[in-house]
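Here is the structure we will look at.
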Amino acid sequence: LPAFDPRDPLSLDGLLDDEERLIRDTVRQYVREKFLPHVAGYFENGSLPETTGPELGQLGLLGMHLEGYGCAGASATAYGLTCLELEAGDSGLRSYCSVQGSLAMFAIYRWGSEEQKQRWLPGMAAGTTIGCFGLTEPDAGSNPAGMRTRAKKVGDKWVLNGTKMWITNGSLADVAIVWARTEEGKVNGFLVEKGMPGFTAPVMHGKLSLRASVTSELVLDGVEVPEANRLTEATSLRAPLSCLNEARYGIVWGAAGAARACYEAALDYAKTRVQFDKPIAGYQLTQAKLVEMAVKVGQSTMLAMHLGRLKDAGTLRTEQVSFGKYHNVHAALEVAHSARSVLGANGITLEYPVLRHANNLESVYTYEGTHEMHTLILGQAITGLAAFT
Ligand code: TGC
Ligand code: FAD
């Protein structure tokens, strides 16, 4: 029998094929060698370096599960493993990849015209063109149907008015996918380009979570957008919600990565930190915490892998994605907090990853559908009764 591996107690590595393992190892190496040595600075400065997009692009990770237009055409499982490794670095790094690939690029790929795909996707896959996804508004978070942003057709143009809030990479983006309601009451998506008159994207400051990520408002004050920049196939809320599904899937994996990083940090620390003349890993209370963490990480990774196989088979349902986000983000938060306690005072510093992850996971718990929204989605699926209103 192979030896027991404390970092992979369920031998999940054996469930991967060679290509998946190669992609996983490549991303893991990038995160460990290029990202983690600098992450404390990124977290303190509140942003990622400008090279992030091109570096992720060169690795082929942006929109990697899409086919053609410069995208890698990788499997859903390979994309998931990528999210896991990126988020083991920092949720902000995974967010960057999710927003670019699963939200902005997927919106164009799934709901755009052939011309729009050819114009935007290759640069976005390369990470030289940055996208963002503007759905949330100051008064419309969990209920995007309540959006106030309006699009009015004037001649061959659309005039956009409204404000989006909490938009990842908003200030960095060359193109913002902005969702707005038309006079007919339909929800349309618009490609709003940096520099269009009336469009500004101020950075939001003062975050205590997801600090290694730029979060912005999108202010649309009479922005004139040509008809050529309207996503041709999107006519209802189904369009933005379908994009969320893609990003939520990545979060299922990513959360398992953040949890793994916290568990490994706690395990390493507990084996070397000596108190009362022996390593704290030798005390039952610490072992109970480490075992609980190992079990949660194993369960979360196994769940992500199962959903990945369903997605690759084309049978993954939205309720199952909610199942994954519900379980894995909650479990990751618990692991991060428990790991923090194992590290004692060191656990509150940026020298160790645990409180940074715990703080980040507060955002992950809320974005892409709050924990409560996923509870209600699953509640409806289980009972047949909607409890949203
Ligand atoms: P409802 O009437 O249920 O649905 C409207 C239409 O959409 C379809 N649909 C979906 N399609 C694909 N995937 C999904 N997950 C879908 N959910 C619903 C549905 O079939 C229907 O289609 P059609 O053809 O009949 O029109 O819509 P509702 O208004 O009642 O809303 C339901 C609810 C509450 C579940 C939905 O509004 C919701 O999920 N709310 C949460 C909002 C949210 O998740 N926002 C996220 C913003 S983006 C973000 O957070 C990015 S973070 C990025 C990062 O940094 O990683
Ligand atoms: P609210 O919807 O006001 O919810 C507040 C509380 O009420 C929550 O606990 C919620 O679960 C609960 N609640 C609401 N309705 C109900 C109900 N019916 N029943 C029970 N409880 C309910 N959005 C984008 O569009 N693009 C982005 O790129 C993006 N990036 C983000 C990055 C960060 C760092 C963060 C924190 C958010 C980001 N978001 C983004 C916004 C995110 O999607 C929203 O914050 C989220 O959808 C919740 O909306 P809200 O914050 O307005 O909370």
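Some notes on this structure:
- Overall form of the stretch 108-246 per C-alpha gyration tensor (a/c, 1.5; a/b vs b/c): rounded
- Relative to the Cα centre, the charge distribution of the stretch 80-195, modelled as +1 at Lys and Arg Cβ and -1 at Asp and Glu Cβ, gives a dipole magnitude of about 380 debye.
- Where GluC sites (Glu not before Pro) fall in DSSP loop in the stretch 99-195, at most 14 other Cβ within 10 Å: Glu183, Glu184
- For the stretch 284-338 versus the stretch 1-24, the spacing of their alpha-carbon centroids is 16 Å.
- If you take the Cα centroid of the stretch 48-112 and the Cα centroid of the stretch 148-190, the two points sit 23 Å apart.
- Extension gain from Asn45 to Asp312, taking 0.36 nm per residue of separation minus the Cα-Cα distance: 92.3 nm
- Anisotropy class of the stretch 6-115 from Cα gyration tensor, a/c 1.5 cut: oblate
- Kirkwood-based Rg to Rh ratio, the chain, C-alpha trace: 0.99
- Among the GluC sites (Glu not before Pro) in the stretch 303-359, those placed in a DSSP loop whose Cβ has at most 14 other Cβ atoms within 10 Å are Glu351.
- If both residues of a DSSP beta bridge must be in the chain, then about 85% of such bridges are antiparallel.
- Relative contact order of the chain, pairs being alpha-carbon contacts under 8 Å that are 6 or more residues apart, as %: 17
- Of all DSSP beta bridges confined to the stretch 122-198, the antiparallel ones make up roughly 70%.
- Rounded, prolate or oblate (a/c below 1.5 giving rounded, otherwise prolate when a/b exceeds b/c) for the stretch 66-148 by Cα gyration tensor: oblate
- Sites Thr383 and Arg148 - FRET efficiency at Förster radius 25 Å, r taken between beta-carbons, to 0.05: 0.20
- Filtered GluC sites (Glu not before Pro), the stretch 36-65: DSSP coil and at most 15 other beta carbons within 10 Å: Glu50
- Linear extension gain, Glu351 paired with Thr272, 0.36 nm per residue minus alpha-carbon span: 26.8 nm
- GNM flexibility winner over the chain from Leu66, Leu237, Leu121 (Cα, springs under 10 Å): Leu237
- Length-normalised contact order of the stretch 1-134 in % [C-alpha pairs under 8 Å, at least 6 apart]: 28
- Each of Val295 and Glu184 was given a label point 7 Å from its Cα along the Cα-to-Cβ line. The distance between the two points is 5.5 nm.
Where a number appears in this text, it was derived from the coordinates with a stated rule and is not lab data. Here the structure is a predicted model, which is why all the values come from computation and not from measurement. Glycine also receives a Cβ, built like all others from the backbone with ideal geometry; neighbour counts cover every protein chain displayed.
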